[in-house]
1. When DSSP beta bridges are limited to those with both residues in the chain, what percentage is antiparallel, rounded to the nearest 5?
2. Sort 191-200, 92-101 for me by packing, meaning the mean count of neighbouring Cβ atoms within 10 Å per residue, highest on top.
3. Could you tell me the center-to-center distance, by alpha carbons, between segment 145-162 and segment 233-278 in angstrom?
4. Suppose R0 equals 35 Å; then what is the FRET efficiency for LEU276 and ARG40 from their Cβ-Cβ distance, rounded to the nearest 0.05?
5. Going from the alpha-carbon gyration tensor of segment 55-201, what semi-axes, largest first and in whole Å, does one get by taking the root of 5 times each eigenvalue?
6. Which one, GLY216, ALA55, SER231, is farthest towards the positive end of the dipole of the chain when Lys and Arg carry +1 and Asp and Glu -1 on their Cβ?
7. Just to be sure I follow the rule: in the chain, considering lysines 8 or more places apart or on different chains, how many pairs have Cα atoms under 25 Å apart?
Amino acid sequence: MNCRFDGVVDLSPYPRPEPLTEQEKGEAIDAILKWLLRERGMIAAFSATVEKKRALVRGYMNERPAHPIPREIISLQDRLFWTESLERGIVSPEEIPDSDGISLWQGDIRRLSTDGIVNAANKGLLGCFLPNHNCIDNVIHSAAGMQLRDDCAKIIAAQGHEEDCGDCKITRAYNLPAKYVLHTVGPMVRREVTEEDRAMLRSCYTSCLDVAAEAGLRSVAFCCISTGVFSFPQAEAAEIAAGAVMRWKMRHGDAGLRVIFNTYLDSDTAIYRNILKHL
């Protein structure tokens, strides 16, 4: 794989661990939570439901900066997170109807076993630090594992500055069914959409496709970049996304890269369905 940061982060296939039993899941959550609490200088002894403990594990991981993780904690985390990926149910690209290499699928992007999924990141590239926040950046980092933030920190350190809007970086997806995460920073709309906003959003899609093709990926799933807390209007964002992908595919007809537009909201699904039927 000949990607720009191949030497900075490991892009080799990440091994799948042995899933946990129900009892082992509870034990793993307890062990990880105790480690997180001790790392924060807190007393690691209290009583709570498994669900509450799991939420605390996610929240503390969200707040945790990038720095080394003990091997035994990584092992427990990986087994727990991969078990949760299996429980969510894995959806392969072959299960999704395809039309000339472009598809629409509504659901949880964490379930897709595409070669790559796109994360709508922020300029820090380190994921969302708000505990249990529901933005896609937080959701993807929380399901992939703490290694994802470490990889992103290495990339930022190597390039020496925050991530530029419209660029793309690739990392392993760790405990997600996908093989890789493509991180891109979309434009944040202040009052009204500008031409620069449109150009930057278009660049997010083409940059991700360029990196995916360079990495040899055969399928990539795009979330709705910039339409959440970054406030880009849904319909215009979808038009830009579809147009950027179509133009890229016309220029790279032999790339063999399948694109899946992943939506979560019914409103986004309706918008994309209307756009794609006219392509």
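All of the numbers you see were taken from the coordinates with simple rules; none came from a lab. Computed from a predicted model, the values in this text were never measured in an experiment. Ideal geometry is used to build each Cβ from the backbone, glycine not excepted, and the neighbour counts take in all protein chains shown.
1. Within the chain, antiparallel bridges account for around 20 percent of the total.
2. Result, highest mean Cβ count within 10 Å first: 191-200, 92-101.
3. Cα centroid to Cα centroid, the span is 29 Å.
4. The pair LEU276/ARG40 has a calculated efficiency of 0.15.
5. 25, 22, 14
6. It is ALA55, whose Cα lies furthest towards the positive end.
7. 15
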